[in-house]
1. Using 1/(1 + (r/R0)^6) with R0 = 30 angstrom and r between the beta carbons of residue 246 and residue 162, what's the FRET efficiency to the nearest 0.05?
2. Order these peptides, 39-47, 144-152, 12-20, by their mean beta-carbon neighbour count within 10 angstrom, highest first.
3. Between residue 84 and residue 427, what is the FRET efficiency for a Förster distance of 45 Å, r being their Cβ-Cβ separation, to the nearest 0.05?
4. On a full-extension model of 0.36 nm per residue, what is the gain between residue 275 and residue 410, subtracting their alpha-carbon distance, rounded to one decimal in nm?
5. Would you mind calculating the gained length between residue 299 and residue 283 on full extension (0.36 nm times residue separation, minus the Cα-Cα distance), in nm to one decimal?
6. How far, in nm, would the chain grow between residue 143 and residue 449 when pulled straight, counting 0.36 nm per residue and subtracting the alpha carbon separation?
7. Between residue 2 and residue 291, what is the label-point separation in nm under the 7 Å Cα-to-beta-carbon projection?
8. Between residue 62 and residue 206, how high is the FRET efficiency from 1/(1 + (r/R0)^6) when r is the Cβ-Cβ distance and R₀ = 41 Å? Nearest 0.05.
Amino acid sequence: MALYQTYRPKDFRSVFGQAFVREVLQNALLQNRTVGAYLFHGSRWTGKTTVARILAKGVNCLALTTDGNPCGVCQNCLDADNGKLLDIIEIDAASNTGVDNIRDMIERAQFQPTQAPYKVYIIDEVHMLSKWAFNALLKTLEEPPKHVKFILATTEIQKIPDTIISRSQRYDFKRIKNEDIIERLHFIAHREKIEVEESALELIARLAKGGLRDAITLFEQYSAGGVLKRKYIEENLELIGEDFLLAFVKALIEKDTDQTLAHLISLRDKSLDVRLFLEQLLFFLRDRMKDSLKKIEFSSYAQLFEIFEGIYGRLKFTPDPFLLLETSVFRCIATSELSCLHTTLTPTPPQKEREAKKDGKSSSLPPRHASLGTEPVKEGIVSPSSPWTEPGLSGNSFDFSRFIEHIRTIPKRSFVWLGLRVSTYSEEGHTIVIHPDNDFNLSKLDSADVRLFLQETLDSLFGIGYTIDIRKWRASKSTGKSSQSLADDAMDIF
Ligand SMILES: [Zn+2]
């Protein structure tokens, strides 16, 4: 059994952090005042599902303890712990593709529980429910049968229809503090008799970003031999170690094409998670910025930070994160103006640089990405006349008609142009939101492929830093709150 399962809390006493949530729920159980629907919101691995299971056990426990905890020894508690209590139904809305199954399950809530006092539905990643399933859920929540409890968990509250939120009791789960994660890891290390280095635990806590389960998983992965050293983690994840990050950044600033390419190949060959790499790179750049506040190289680090932060923000829209990183790095070398460090570090041979620009960026690309890699940097998107610049810095602010006009000239993209021509747009900070005029155009424009294409075009014309979004226009909902199309659809029918 994995460590995180071994140390998964079975009652509120051993839940880590979330003191407020625990206290309120324990009191509700004690006073028999639990409600029909709970909504747990918080980032991943902050304990939402764990608390949901304990609560589900609590409402069905036959001998609740005096502090509001499930007893852990009655038949219902035992069955629940072994996953045998049929009246506790767990649904992962993110992985279950049988949309109708979920709806049927929710509709079956009308029937009496088989063994326990309550039928408890734990719906994880509830924002992924289809509008039909939301509809079924809402119908049940409007007239909740007495024997049913819903515990909805989500990482993305903005995608939950207001109608659902207003019928639930909402709890916000906080990210677990690094110190608390470290303390917990110390506890586990002590129990498991693992020798640990403090700095290794700090690195793990930072990598896990407030998620205890991620932290325990990393801990387990790197302490298999009974000893945990920071060096082990850095060796395995050497590509997010300081040395590699420094070399990577240096190559970019010096516009050293060969070196940069070599770094990209190592990243790809080790199948490093692009998100993890970018996160560590951003931390690294932030530290460099702090150290060079009054120095000439500050602005280079700051520019790189903005560039990679932009890429990070777009990860969720791309089917291939590595491809996004790769092409962005190529464009960075080809057109950015990271000149400040240029003079203070080793001078770049101008000849080499010119050649790299001239003969394209794909000469020694690895095979898997050879064809794909060149795609987004083809002529017409990035051309010498449209240098890649930072928004704001160059006064290159967004211009919708220029954007559309440019797309009109790109071959095989006329359907995008036609869709855009009859769309409106709005700016929300650095997000350009395109509002297609009808559902047909919405479906044409709102695909991963078109999003990526629009994003690339946006970058090439107006500099990295803008993010594209595509949403149906809803005049009545102009609160500026970011709502996604799923939630929109769901709300349209209510
Ligand atoms: Zn019990």
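1. 0.05
2. Top to bottom by mean Cβ count within 10 Å: 39-47, 144-152, 12-20.
3. Rounded to the nearest 0.05, the efficiency is 0.25.
4. 45.5 nm
5. Length gained, residue 299 through residue 283: 4.2 nm.
6. Once the chain is fully extended between residue 143 and residue 449, it gains 105.9 nm.
7. Reported label-point gap for residue 291 and residue 2 is 3.5 nm.
8. Efficiency, rounded to the nearest 0.05: 0.40.
Where a number appears in this text, it was derived from the coordinates with a stated rule and is not lab data. Model, not experiment: these values are computed from the prediction. Please note: Cβ atoms are built from the backbone with ideal geometry, for glycine as well, and neighbour counts cover all protein chains shown.
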